[in-house]
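Shown next, in structure tokens, is the structure this report addresses.
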Amino acid sequence: MSFNFKIGGTTSSSSASEERVQVLILGSGPAGLAAALYAGRAELNPLVLTGLEVGGQVTLTEIIENYPGFPEGVKGPELAERFKKQAERFGARLVMDVATEVDLRQRPIVVKTYSTTYRTDVLIIATGASPRKLGVPGEEEYTGRGVSYCATCDGWFFQDKDVIVVGGGDSAIEEGLFLTRYARSVTIVHRREQLRAGPLLQRRARANPKVSYLFNTVVEEILGDGEQVTGVRLRNVKTGEVYEKPIDGVFIFVGYIPNTKLFEGQLELDERGYIKVHDWVHTDIPGVFAAGEVADPVYRQVITSAGMGAAAAIAAGHYLDEVLFAEEEQQAENTVQASGEG
Ligand code: NAP
């Protein structure tokens, strides 16, 4: 049976050129680029569709302090560039393009972009995750005009301003601390009494005089003057009190949503949309592997994503050896036998 699905209303792409590849990797974050490195070294000639930006979420991180080998920490964009160079050194080809359509049941697997139809023996999905939205009035209207999902990208615009950070996880606290470089005050607005963030980040935040907290509090609406954010309407979930707080910026870090829309109906996903994997990186379709945050709601670290990418490439090599090459050998044997009988 053959399935053919399209992303977000995209009409059939007029993919002008065709290309046959052995290993196609979707995504260029740590998982995608580690998979590219390992597949390259295994001489599997990987091609990476990078998406619109090489490096994924890592490039949005100011400094990464927990990737081994960098005792002083490493800037996110620098780490991404190093991953890329290392993969390219072993023959990985990076193409800045976006998959718009896939057919995982066909053999070879079909992946279309706006310009090209790729046919591949193996697909490694490393499409990552995107920031979750709050879904409150004003959020969409003021995105880029006071509402942001990236402190590293937008923090600079809030010199001596008052901002809130929504969320209580590692991202909220880490990004909130980063914002204290610029902002006059950073108020963490968290829906519960306790933060989810790890103890080290919590200690750092407590020691920072610019950081304060509004616990048991949710944002009901983001307010603005039509041009930019001017405040938020908050609700204390314990007391029910609703009030407005004047503010210049709203940074939202309330988790992430896996980028799996393209695969809906073709791959087994969990109830939150993550790709279900067994044996770490195997999906329910042979020859299709998943690595990184797209298949990992639990660990979500640069190192675990890179580890999954490496594992996916190794598994891809085994698959090619055991399944495809064995099939070819069988076919060759059948041909010899048939000619002998003839
Ligand atoms: P997260 O751990 O899932 O935390 C999301 C936070 O947003 C939680 O505090 C959650 O509240 C809150 N939240 C979710 N939906 C909400 C909503 N609709 N309204 C208000 N609040 C909402 O996400 P994360 O902080 O992005 O971290 C993701 C993963 O990356 C984690 O595993 C984390 O450890 C890792 N990470 C690590 C580092 C580091 O090691 N330096 C840095 C960044 C991220 P509740 O607490 O009530 O659920």
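The values are calculated or read from the model by the stated rules, or taken from the named source; none is laboratory data. Source: prediction; values computed, not measured. Reconstructed Cβ throughout: ideal geometry from the backbone, glycine too, with neighbour counts over all protein chains shown.
Per-structure values
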quantity	calculated
Sole residue being in contact with a strand residue (DSSP E or B) (Cβ under 9 Å, 6 or more places away or on another chain) and at pLDDT below 90, chosen from R272, R300	R300
Odd one out for A80, checked against (1) assigned to a strand (DSSP E or B); (2) farther than 25 Å from E19 by Cα	(1)
Residues located in segment 197-219, provided they are more than 14 Å from the ligand (Cβ to nearest atom) and of a type in the set (A, V, I, L, M, F, W, C)	A207, V211
Residues that are assigned to a helix (DSSP H, G or I) and buried (at least 22 other Cβ atoms within 10 Å of the Cβ), drawn from segment 104-154	A151
Flag if Q194 is closer than 27 Å to N66 by Cα and either in a strand (DSSP E or B) or more than 11 Å from the ligand (Cβ to nearest atom) (or both)	no
